[in-house]
Every structure is written in C-alpha cells, then in structure tokens.
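Notes follow the structure.
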Amino acid sequence: MLKPHPSFVHDLLETHAALRARQAQEDSPELRRRLDDLTYTLCVSTGTRTLDAALATARAQLTGAPSPASYSGLAA
C-alpha cells in the first residue's frame, strides 16, 4: 500500500481537529459534510475503514510507530 506524505497526514489531522472544535461551537449540514469528506480521505489515506482506526493509524505514521492497520491479526 502506498503511504501518504507525512505533511499530508499532518494536515488531515490538523483539519480534523479544527473541524471537530468548530462543530462543538456550531453544527451545520455543511460542517458535517466536510467532516464526512475528511473522514473518507483519512480512511482511504490510511487503508482503514473507521474514523478511530484512521486517526490511530495516521498518528502512528507520524510518530513512526507500527500502525493498527499494519497488523494482520495473525499471531507470529
């Protein structure tokens, strides 16, 4: 799987945090759509299917730690 550039991942995480903070102040259909689009992009970029997994994988990619998406689920 191709990995996105760290600066792209960083920007996605920063944008997600900003939109979530904004959503706490004001909720609107436009804001929810932007969050849905960002969630989709995070999932595609990290090879995951849920927002929680995408966020964990993106953070792991930035720190260099093994990401949850990289585990096969098989015992070694």
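The values are calculated or read from the model by the stated rules, or taken from the named source; none is laboratory data. Computed from a predicted model, the values in this text were never measured in an experiment. When we count neighbours, we look across all protein chains shown, and the Cβ atoms used for this are built from the backbone with ideal geometry, even at glycine.
Each residue in region 35-76 was checked for being at pLDDT below 95, loosely packed, with under 11 Cβ neighbours inside 10 Å and in a helix (DSSP H, G or I), and 1 of them qualify.
Contact map, region 1-22: first residue closer than 15 Å to Cys43 by Cα and at pLDDT below 95, second residue in a loop (DSSP other than H, G, I, E, B) and not charged (D, E, K, R), Cβ cut-off under 8 Å, separation 6 or more or different chains; pairs are Met1/Gly47.
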